[in-house]
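**Q** The following block contains the structure, expressed as structure tokens.
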Amino acid sequence: VWIAPAMSDQARASGHTVFDAAVVIATHFERVVKAHVENLFGRSELDAVLAVVGKQSPKLIDELTPKLLSLSTVHKVLCALLAERIPLRNLRTIIVTLIEEGAVTQDVKALLRALRIRLSGFIVQHVFGAVDELKLMALEPELERLFQDTLRLAGDTTEEPSLEPALAGDMRAMASASAIRLEAAAPAAALVVRPELRPFVASLLRPVRPWIWVLSYAEIPAEKRLKVVELLGRQPGNAPNVRR
């Protein structure tokens with residue numbers, strides 16, 4: 001909404017903060033891009049990314065695609081990283097890892113899992129900054145067992161694991177409330193889970209706001225201390241401290 005200069009001055013004099021329209025639009029645009037970046041990363045963007053690495057190490061790209069992995073598979077893996085808000089800064093590490101793992105599997109989920117492990121130090125630094133102790137959320141044991149049972153049952157079928165809609169809604173609402181409390185005490189809202197649960201839980205919580213980073217215990221560098229300050233599935237204030 002456009003505000004006349006005189007009204008802006010009056011609002012500032014009254015103690016209000018007035019933002020320039022261009023700043024508001026740019027901020028909103030940035031949020032939209034971040035929320036949907038994986039949908040904006042098309043084949044032309046993929047070509048540009050590979051060209052950057054190709055200029056420095058052309059043999060890496062030749063070895064990666066189409067020799068080991070198709071362009072479609074590489075695109076899906078990079079989109080999966082972006083969907084979890086992981087920047088594509090460490091391009092050489094990403095390409096080298098895809099070459100190493102592509103010799104073993106072409107499964108996108110397996111490739112993503114390997115990439116997250118290789119990039120774990122970068123991811124933790126990106127999420128928390130330079131801190132020695134990570135304050136995060138964890139799953140209450142009963143809820144963890146429920147998720148494990150869900151995965152086990154889905155493993156007996158060809159369907160993707162899923163929760164009953166009402167339960168999934170309750171889980172997301174609970175996670176959102178915990179994330180808001182955690183963001184007041186930590187650089188970001190993050191949940192740590194068993195490695196086998198991470199993809200399922202990350203997918204379940206993707207619609208939650210504020211954004212919740214879902215990490216596996218295998219992705220936490222050994223030198224970092226963990227402090228659990230929120231337990232999903234338990235009332236606020238009952239979460240014990242767990243340090244490593």
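**Q** Keeping all protein chains in the complex and leaving out DNA, RNA and ligands, what accessible area do you get for Asp170 with a 1.4 Å probe, in Å² to the nearest 10?
**A** 100 Å²
**Q** Another question about this same structure. Alpha carbon centre of the range 43-68 versus the range 167-210: separation in Å?
**A** 35 Å
**Q** Below 12 angstrom from the Cβ of Ile95, what's the summed charge of the other residues (Lys, Arg +1; Asp, Glu -1)?
**A** Details: positive: Lys59, Arg92, Arg118; negative: Asp62, Glu63, Glu100, Glu101.
Its environment carries a net charge of -1.
**Q** Given charges of +1 on the Cβ of Lys and Arg and -1 on the Cβ of Asp and Glu, with all other atoms neutral, how large is the dipole of the range 47-103 about its Cα centre, in debye to the nearest 20? Don't jump to the answer; show the numbers that get you there.
**A** Details: 7 positive and 6 negative charges, 35 e Å.
That gives the range 47-103 a dipole magnitude of about 160 debye.
**Q** Would you mind calculating the gained length between Lys109 and Ala185 on full extension (0.36 nm times residue separation, minus the Cα-Cα distance), in nm to one decimal? Don't jump to the answer; show the numbers that get you there.
**A** Details: separation 76, 0.36 × 76 = 27.36 nm, distance 3.25 nm.
Computed gain between Lys109 and Ala185 is 24.1 nm.
**Q** What ranking, highest mean first, results for peptides 133-144, 216-227 when packing means the other Cβ atoms within 10 Å averaged over each residue? If you can, show how the numbers build up before the last one.
**A** On the way: 133-144: 18.2, 216-227: 14.1.
Ranked by mean Cβ neighbours within 10 Å, highest first: 133-144, 216-227.
**Q** List the lysines whose alpha-carbon lies under 19 Å from that of Lys76, not counting same-chain residues fewer than 8 positions away?
**A** The reachable lysines, counting only those whose Cα sits under 19 Å from Lys76, are Lys34, Lys67, Lys109.
**Q** Within 10 Å, count the other beta carbons around each residue, average over each peptide in 65-71, 175-181, and list them highest first. Present the calculation step by step, with values, prior to reporting the outcome.
**A** On the way: 65-71: 15.3, 175-181: 18.1.
Output ranking for 65-71, 175-181: 175-181, 65-71.
**Q** In addition: For the pair Ser203 and Leu151, how long in nm is the line joining their label points, each one 7 Å along Cα→Cβ?
**A** With each label placed 7 Å out from Cα toward Cβ, I get 1.2 nm.
**Q** Let me ask something else. Which ³J(HN,Hα) values in Hz, rounded to whole numbers, follow from the phi angles of the range 100-105 under the Karplus curve 6.51 cos²θ - 1.76 cosθ + 1.60, where θ = phi - 60° and Gly and Pro get x?
**A** 5, 7, x, 6, 10, 8
**Q** Using R₀ = 22 Å, calculate the FRET efficiency as 1/(1 + (r/R₀)^6) where r is the Cβ-Cβ separation of Arg194 and Ala166; round to 0.05. All intermediate terms of the calculation are to be shown ahead of the outcome.
**A** Numbers: r = 24 Å, r/R0 = 1.11.
Computed FRET efficiency for Arg194 and Ala166: 0.35.
**Q** Full-extension gain between Lys224 and Ala173, please, as 0.36 nm times their residue separation minus the C-alpha to C-alpha distance. Can you show the working numbers first?
**A** Details: separation 51, 0.36 × 51 = 18.36 nm, distance 2.89 nm.
Gain in length upon complete extension: 15.5 nm.
**Q** Just to confirm, what accessible area per residue do you get for the range 115-211 at 1.4 Å probe, in whole Å²?
**A** On the way: 4770 Å² over 97 residues.
Ligands and nucleic acids excluded, the result is 49 Å² per residue.
**Q** Check cross-link reach from Lys224 to the lysines: straight Cα distance under 25 Å, and skip same-chain residues fewer than eight apart.
**A** Straight-line reach from Lys224, under 25 Å: Lys135.
**Q** Now for a separate question. From the phi angles alone, apply the Karplus equation (6.51, -1.76, 1.60; θ = phi - 60°) to the range 134-140 and give each ³J(HN,Hα) in whole Hz, x where the residue is Gly or Pro.
**A** 9, 8, 8, 9, 9, 8, 5
The values are calculated or read from the model by the stated rules, or taken from the named source; none is laboratory data. Because the structure is predicted, anything quoted here is derived from the model rather than measured. Counting neighbours? That spans all protein chains shown, and the Cβs are built from the backbone with ideal geometry, glycine included. For the accessible areas, the whole protein counts, side chains as well, though only heavy atoms, and no ligand, DNA or RNA atoms are used. Shrake-Rupley method; radii C 1.70, N 1.55, O 1.52, S 1.80 Å.
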